[in-house]
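The values are calculated or read from the model by the stated rules, or taken from the named source; none is laboratory data. Keep in mind that this is a model prediction, so the values were computed, not measured. Here the Cβ positions follow ideal geometry from the backbone for every residue, glycine too, while neighbour counts run over all protein chains shown. Side chains included, ligands, DNA and RNA excluded: accessible areas come from the protein's heavy atoms. Shrake-Rupley method; radii C 1.70, N 1.55, O 1.52, S 1.80 Å.
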Amino acid sequence: MTQEVKDFVTQKVQELMQAHSCCPEAKAVAQSWLDALGTPQEAEATKNLIAELEEDIMPVDNLIAFCRSEAGAQVFGAEKAKEVAAHGEEIKAAGAKYCDCPACAACEAILTKKDELL
């Protein structure tokens, strides 16, 4: 991995960890990755990071479906769930594959560098 890629991913990992929408598991894996940089554990931590991001990133169709479900209404509240579903439809129509919340946006950016990370 080049220094440029490492710097880019480090910035995006930090953005991920600061995102209000980042789950505790992703924060922990992200911190482990940062801690492993430059150590013999870096390669394994990178694999763990990528696996976590691939698991956590929300496809836009799943976001829309969730927001239209009873569970989505319970998480967001009925009105907010409708707003988020409508937003999901808008970004999907514009070509988005994934949710654009701060955590998913950081995941997507990091995953664009997957081949260079491994």
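When the residues of region 69-87 are filtered to those that are touching a helix residue (DSSP H, G or I) at 6+ places or on another chain (Cβ under 6 Å) and over 18 Å from His20 (Cα atoms), which remaining residue is most open to solvent (accessible area, probe 1.4 Å)? Checking each candidate, the answer is Ala73. Of everything in region 28-76, what is part of a helix (DSSP H, G or I), small (Gly, Ala, Ser) and under 30 Å from Met1 (Cα atoms)? Give them in sequence order. Those that are part of a helix (DSSP H, G or I), small (Gly, Ala, Ser) and under 30 Å from Met1 (Cα atoms): Ala28, Ala30, Ser32, Ala36, Ala43, Ala45, Ala51.
The set of residues in region 1-53 that are open to solvent by 90 Å² or more (accessible area, probe 1.4 Å) and either within 24 Å of Cys99 (Cα to Cα) or within 14 Å of the chain's Cα centre (by Cα) (or both) comprises Gln11, Gln18, His20, Pro24, Glu25, Lys47.
Of the residues making up region 74-92, not a single one is closer than 24 Å to Ala30 by Cβ and charged (D, E, K, R).
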